[in-house]
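Presented below is the structure to which this report refers.
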Amino acid sequence: MSLKKSINSFFSRLWINKSAIFKLACTYTGVVFTFWGFVSLFNPLDGILPNDISFFCKLLIGFLVLLTVFILSVFVAGYYVLSSNQVCLGESSTKKSIYVKYGDMYSPDIIEKGYNERRAVVIPVNRCFDTIVDDHLVSRNTLHGRAFQELYSNHRFTPERLNERIRDILNQENRQMYEELTQEEKPEGNLRRYEVGTTVNLQIEDKLSYYLLGLSYFDEHLNAHTSKNDYVLAVQKLIEFCNQNSQGYPVILPLFGSGLSRTNINLNDILHYIAEAFAINKDIINNDFFIVVWKGDKDKVAIKELRKWQ
């Protein structure tokens, strides 16, 4: 990254985190003056200032001291907020935690360093569960495309084998809630369009599963679309699916829906909505969730601005 981009990114992060920094700086300032007031009970500070200066001068000096402490607190708060990579939103009724953090959702270390236990990663896909990644049907730049390309490059699946495996899982679980499309409605790919929020538990290896979440639908021009109502329903169904299928293992959830899904919702709004959805459903959360913001989006998404559960 060039120096100019680094500077712009730094100030962008300052700007989007300004509220969190200000609140924390006020807290630090209050702590300093509370401690100062406590110390003055045992060691009065009357002798610090000369007795012959005016009240106005004392007031001005007091204001400058307050301003100095606040400015120093802003620097300390800014360093703390900008260096933080994780926040815990709260605990569910079963004492499971919801974390939000910057990082790479595919890394095992997203949960904790050296973590090697079982986990599930949520991958948003189109509702026909297409497996052909060719930048025409499925783009390589989407979470859907990147995840499937990784499976193909590691020789775990071919597009044909993966398509068969997903279809088998859907059939085994009696997923009859789909509509058959015509070639006019969808010129390429699978023609079964499942209900929004349909999720496939795809076992990748012994300790890793992908939860393929059916989110977007294609029009006759193969453009993906997701309405806000569909997005809300998909998030709710995902939480319920994890409650029934995660078996207590952690689930890693990326910020999805802002790109080619065309929800027209920005990343910050998506994060705030997902956080609120988990708060509403905390009575049915039986596993830890790690909501992952791509580490390159620190200048776009402020995790410290999230409201923690009461």
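Computed values, structure above
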{"read-out": "Signed unit charges on C-beta, dipole axis of the chain, positive-most listed residue TYR152, VAL65, ALA20", "value": "VAL65"}
{"read-out": "Lys, Arg +1 and Asp, Glu -1 on Cβ, resulting dipole of region 178-260 about Cα centre, debye, nearest 20", "value": "360 debye"}
{"read-out": "Entries of LYS95/LYS295; LYS23/LYS58; LYS23/LYS308; LYS101/LYS308 with Cα pairs more than 23 Å apart", "value": "LYS95/LYS295; LYS23/LYS58"}
{"read-out": "Ordering of 19-26, 241-248, 8-15 by burial proxy (mean other Cβ atoms within 10 Å per residue, highest first)", "value": "19-26, 241-248, 8-15"}
{"read-out": "Acute angle (nearest 10 degrees) that the helix 18-42 long axis makes with the longest principal axis of the chain, alpha-carbon atoms", "value": "30 degrees"}
{"read-out": "Nearest-0.05 FRET efficiency for ASN85 and LEU222, computed from C-beta distance (R0 41 Å)", "value": "0.65"}
{"read-out": "Amide H contacts of ARG119 (H built 1.01 Å from N, under 5 Å, at least 5 apart or other chain)", "value": "LEU208, SER209"}
{"read-out": "Mean accessible surface per residue for region 76-151, computed with a 1.4 Å probe while every protein chain stays in place, in Å²", "value": "44 Å²"}
{"read-out": "Carbon and sulfur %, accessible surface of the chain computed with the full protein complex present, 1.4 Å", "value": "56 percent"}
{"read-out": "Residues of region 223-247 with amide N under 19 Å of the 7 Å Cα→Cβ point at SER93", "value": "236-247"}
{"read-out": "Rounded if a/c under 1.5, otherwise prolate or oblate - region 114-164, Cα gyration tensor axes", "value": "prolate"}
{"read-out": "Separation of the ASN201 and LEU59 label points, Cα + 7 Å toward Cβ, nm", "value": "6.9 nm"}
{"read-out": "Sites ASN229 and GLU164 - FRET efficiency at Förster radius 35 Å, r taken between beta-carbons, to 0.05", "value": "0.65"}
{"read-out": "Accessible surface, per residue, of region 271-310 when the full set of protein chains is kept, probe 1.4 Å, Å²", "value": "46 Å²"}
{"read-out": "Dipole in debye (nearest 20) - the chain, about Cα centre, beta carbon charges: Lys, Arg +1; Asp, Glu -1", "value": "960 debye"}
{"read-out": "Gyration tensor (alpha-carbon) shape descriptor, the chain, a/c threshold 1.5", "value": "prolate"}
{"read-out": "Calculated from backbone phi, Karplus (6.51, -1.76, 1.60) coupling profile of region 149-163 in Hz, x at Gly/Pro", "value": "4, 5, 5, 6, 5, 8, 6, 6, 9, 9, x, 5, 5, 5, 4"}
{"read-out": "Vicinal HN-Hα couplings computed from phi for region 237-250 (Karplus, 6.51 cos²θ - 1.76 cosθ + 1.60; Hz; Gly/Pro x)", "value": "5, 5, 4, 5, 4, 5, 4, 8, 10, 6, 6, x, 7, x"}
{"read-out": "Where the Cα pairs of region 227-310 fall when distances are cut into 5 Å bins, in %", "value": "3, 13, 25, 25, 20, 12, 2, 0"}
{"read-out": "Under Karplus coefficients 6.51, -1.76 and 1.60, residue-wise ³J(HN,Hα) of region 94-100 in Hz, glycine/proline x", "value": "9, 6, 8, 9, 10, 10, 10"}
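The values are calculated or read from the model by the stated rules, or taken from the named source; none is laboratory data. This is a predicted model, so every value here is computed, not measured. FYI the Cβ positions are ideal-geometry reconstructions off the backbone, even for glycines, and counts take in every protein chain you see. The protein model used for the area step is the full one, side chains on, heavy atoms only, and it has no ligands, DNA or RNA in it. Shrake-Rupley method; radii C 1.70, N 1.55, O 1.52, S 1.80 Å.
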